[in-house]
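Data block below; observations after.
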């Protein structure tokens, strides 16, 4: 459990602490610890709808509070131009996150807890108010504010919103727009529900303002709920796109029990609530059942949807190493079914789930997932039976080439794109021009290609098959020529790219060289050179939160990530720290050091910093990126799948030696 003592924290500090709950189908609930929205992506009931397709903020927030000692005590705050309402004063005593987010408020002699839970597999939100301490019964009020707009948009007062309400005692059904789902609102106890039908104008979201986007919107309040609450009792309010008469108390108990059983089943690592245990809990929030009922992985909250590369980089840590093997196989099969010409899609559209095939590395990460699957299950027959044809199709597609994305050179190396394309994970573009043009033969692409071919050879050996001669020929050619093309004599590290047309090296010091050491079949096997690469990466790229994307000694280095979109994209891979890289850095470090204990001595400060980060911007999660410069502020998505997955995988690689202090 993560707990924040909020009694002495200012509102501005609490506004940087964001919580997230999910429903397993792409929807979520999220805000800040004081329940004051800071982003357009915040919302209490955000649904991944079938029609219209995409994620929509239905119920944005609540204006809720209690009346005690003759005064009103707010349980949420709004930000308007130049002012917070009702004020910048907050009554939060503690914020807790275990199976669900909970906020405790101390208002004089009253202690009340507000808890949030989404029901798994449906667009239903439960908000519970439990009165722990009070000298007598108190009055409460709950006023829902609806948005009914896409997560990337903002709503404005309009004449098309409907004002008709349906329902009876303790329940109302509101249908604000044609073609959108209804919002059913019910309570578990007697309360007064009355129409309000008012627009609230000019809510402000400072995160959007900082990011250079429009940041004001209007929200509509259809009703108000009022009632009395006795000491020791609770009131639960249900908001749902489903109209039914299920028992609300039973719904809460079943969902809380489901989460408790899942969280208890994850405490297998003996970490006693430490980093590994918290990341196991975080992992489940990224696994969703898409609108076509297939399992998949959300790349990051709040704005990312599904990315092929992110899915395959995240899958081992989120599923394979957490024991969810059947789901891992299902996702791999689904990804496999979408391949075209050997390419796995880079991304799926949030609105219509159409695929984009513009990544040269995504298909190659598929082989790494299978290697991790084999490592955990030990079942070569399973891998062979389910994925042999996919492996062969990918290899054959890459051998034929997919211009302009990739071609296979006569020397066996993959030649990817040109100066106008962005086909690797460093894919930021500003005004149509790649910020980090990595074309020709990027080092990690060749490492992944060699690893894929070597795994085909390994699986053939395990299954008593004969490896096709041409695959072995390509594999040997890449291995034999790799150092000649990528090693930089006198500098002690690997070039980031080799550009065949110019016969030159891109000598940028980037973390991509680490994959030549970290994959199951490493491409750089010279121990002296491998140690030199580790030394270079450690000295210039390692930070408390992961590896920088570019050396600070490079004149193009950007140590801060911020500003408007173009400014952020210009810094995205030019020095920004990416936590997901620490998993492969750790794998390489263990291999080169020849000792888990020695690797843990270097990596333990990173794990300690990331554990502390779980109480930071995205409570219970690891952010997408951090600044390259100290103090390495977190940025990007507050919850990134591959950050969580790869840091968790690293904790397993290190074992107890990486989680507890030990001798160096």
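For every residue, the table says whether it meets (1) crowded, with 19+ Cβ neighbours inside 10 Å; (2) within 30 Å of residue 253 (Cβ to Cβ); (3) within 32 Å of the chain's Cα centre (by Cα).
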residue: 143; (1), (2), (3): yes, yes, yes
residue: 152; (1), (2), (3): no, no, yes
residue: 194; (1), (2), (3): no, yes, no
residue: 210; (1), (2), (3): no, no, yes
residue: 239; (1), (2), (3): yes, yes, yes
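Please tell me if residue 126 is within 28 Å of the chain's Cα centre (by Cα), in contact (Cβ under 8 Å) with a residue 24 or more places away in the chain, over 17 Å from residue 32 (Cα atoms) and in a strand (DSSP E or B). Break it down into steps so the answer makes sense when it comes.
On the way: within 28 Å of the chain's Cα centre (by Cα): yes; in contact (Cβ under 8 Å) with a residue 24 or more places away in the chain: yes; over 17 Å from residue 32 (Cα atoms): yes; in a strand (DSSP E or B): yes.
Taking the combined requirement at face value, the residue satisfies it.
Output the residue which, of all residues in the stretch 284-304 that are assigned to a loop (DSSP other than H, G, I, E, B) and at pLDDT 95 or above, is nearest to the chain's Cα centre (by Cα). That would be 299. In this structure, is residue 143 at pLDDT 95 or above and touching a strand residue (DSSP E or B) at 6+ places or on another chain (Cβ under 8 Å)? In short, yes. All conditions in (1) part of a loop (DSSP other than H, G, I, E, B); (2) crowded, with 20+ Cβ neighbours inside 10 Å; (3) modelled with pLDDT of 95 or more hold for residue 90, with the sole exception of (3). Of the residues making up the stretch 305-320, those that are within 14 Å of residue 356 (Cβ to Cβ) and not in a helix (DSSP H, G or I) are 305, 306, 307. On the given criteria, is residue 99 assigned by TED's automatic domain parsing to the domain that holds residue 198, assigned to a strand (DSSP E or B) and touching a residue at least 12 places away in the same chain (Cβ under 8 Å)? It is false that residue 99 is assigned by TED's automatic domain parsing to the domain that holds residue 198, assigned to a strand (DSSP E or B) and touching a residue at least 12 places away in the same chain (Cβ under 8 Å). Taking the criterion of being within 23 Å of the chain's Cα centre (by Cα) and under 24 Å from residue 587 (Cα atoms), the residues of the stretch 542-564 that qualify are 542, 543, 544, 545, 546, 547, 548, 549, 550.
Every condition in (1) part of a loop (DSSP other than H, G, I, E, B); (2) over 30 Å from the mean Cα position of the chain (by Cα) is met by residue 73 except one, and the failing one is (1). Of the strands (runs of 3 or more DSSP E) entirely within the stretch 132-176, none holds at least 1 residues that are outside the structural domain of residue 188 (by TED's automatic domain parsing).
This table checks each residue for (1) over 29 Å from residue 569 (Cβ atoms); (2) in contact with a strand residue (DSSP E or B) (Cβ under 9 Å, 6 or more places away or on another chain); (3) surrounded by fewer than 19 Cβ atoms within 10 Å (Cβ to Cβ).
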{"position": "585", "(1), (2), (3)": "no, yes, no"}
{"position": "593", "(1), (2), (3)": "yes, no, yes"}
{"position": "597", "(1), (2), (3)": "yes, no, yes"}
{"position": "607", "(1), (2), (3)": "yes, no, no"}
{"position": "612", "(1), (2), (3)": "no, no, yes"}
{"position": "618", "(1), (2), (3)": "no, yes, no"}
{"position": "621", "(1), (2), (3)": "no, yes, no"}
{"position": "624", "(1), (2), (3)": "no, yes, no"}
{"position": "630", "(1), (2), (3)": "no, yes, yes"}
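Look at (1) at pLDDT 95 or above; (2) under 17 Å from residue 120 (Cα atoms); (3) out of contact with any helix residue (DSSP H, G or I) (no Cβ under 8 Å at 6 or more places or on another chain) and you find that residue 260 fails only one, number (1). Restricting attention to the stretch 292-305, the residues that are in contact with a strand residue (DSSP E or B) (Cβ under 7 Å, 6 or more places away or on another chain) and over 22 Å from residue 619 (Cα atoms) total 2. Does the stretch 449-470 include one or more residues that are buried (at least 23 other Cβ atoms within 10 Å of the Cβ) and in contact with a strand residue (DSSP E or B) (Cβ under 8 Å, 6 or more places away or on another chain)? For the stretch 449-470, residues buried (at least 23 other Cβ atoms within 10 Å of the Cβ) and in contact with a strand residue (DSSP E or B) (Cβ under 8 Å, 6 or more places away or on another chain): present.
Here 589, 581, 653 are screened, and the one residue that is surrounded by 24 or more Cβ atoms within 10 Å (Cβ to Cβ), closer than 25 Å to residue 526 by Cβ, outside the structural domain of residue 520 (by TED's automatic domain parsing) and touching a residue at least 60 places away in the same chain (Cβ under 8 Å) is 581. If you filter the stretch 551-572 down to residues that are crowded, with 21+ Cβ neighbours inside 10 Å and in contact with a helix residue (DSSP H, G or I) (Cβ under 8 Å, 6 or more places away or on another chain), you find that the one that is nearest to residue 607 (Cα to Cα) is 561. Being in contact with a strand residue (DSSP E or B) (Cβ under 7 Å, 6 or more places away or on another chain) and over 21 Å from residue 400 (Cβ atoms), is that true of even one residue in the stretch 336-349? Yes - at least one qualifying residue is present in the stretch 336-349. If you filter the stretch 177-210 down to residues that are outside any loop (DSSP other than H, G, I, E, B) and free of Cβ contacts under 8 Å to residues at least 24 places away in the same chain, you find that the one that is farthest from residue 564 (Cα to Cα) is 198.
Here's a check for you: in the stretch 577-621, which residue that is outside any helix (DSSP H, G or I) and under 21 Å from residue 530 (Cα atoms) is modelled with the highest pLDDT?
Result: 580.
Against the list (1) over 17 Å from residue 316 (Cα atoms); (2) surrounded by fewer than 21 Cβ atoms within 10 Å (Cβ to Cβ), the condition residue 575 fails is (2).
Scanning for something in a helix (DSSP H, G or I) and under 24 Å from residue 655 (Cα atoms), does the stretch 554-567 turn up at least one residue?
The first filter runs over the stretch 554-567 and keeps only residues in a helix (DSSP H, G or I), leaving 565-567.
Narrowing further to those that are under 24 Å from residue 655 (Cα atoms): none.
Scanning the stretch 554-567 turns up no residue that is in a helix (DSSP H, G or I) and under 24 Å from residue 655 (Cα atoms).
Of the residues 334, 352, which single one is over 19 Å from residue 587 (Cα atoms), modelled with pLDDT under 95, outside the structural domain of residue 447 (by TED's automatic domain parsing) and assigned to a loop (DSSP other than H, G, I, E, B)?
Numbers: 334 fails: assigned to a loop (DSSP other than H, G, I, E, B).
Answer to the selection: 352.
State all residues of the stretch 10-31 that are touching a strand residue (DSSP E or B) at 6+ places or on another chain (Cβ under 8 Å) and within 15 Å of residue 93 (Cβ to Cβ); if no residue qualifies, say none.
11, 14, 17
Residue by residue, here is whether (1) surrounded by fewer than 21 Cβ atoms within 10 Å (Cβ to Cβ); (2) within 22 Å of residue 351 (Cβ to Cβ); (3) assigned by TED's automatic domain parsing to the domain that holds residue 63 holds:
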site: 7; (1), (2), (3): yes, no, yes
site: 12; (1), (2), (3): yes, no, yes
site: 16; (1), (2), (3): yes, no, yes
site: 24; (1), (2), (3): yes, yes, yes
site: 30; (1), (2), (3): no, yes, yes
site: 36; (1), (2), (3): no, no, yes
site: 40; (1), (2), (3): no, yes, yes
site: 43; (1), (2), (3): no, yes, yes
site: 47; (1), (2), (3): no, yes, yes
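Kindly provide the set of residues from the stretch 111-126 that are surrounded by 19 or more Cβ atoms within 10 Å (Cβ to Cβ) and over 20 Å from residue 14 (Cβ atoms), ordered by number. Result: 117, 118, 119, 123, 124, 125, 126.
The values are calculated or read from the model by the stated rules, or taken from the named source; none is laboratory data. Just so it is clear, the structure is predicted and the values come from calculations on it, not from any experiment. Cβ sites come from the backbone with ideal geometry, for glycine too, and all protein chains shown count toward neighbours.
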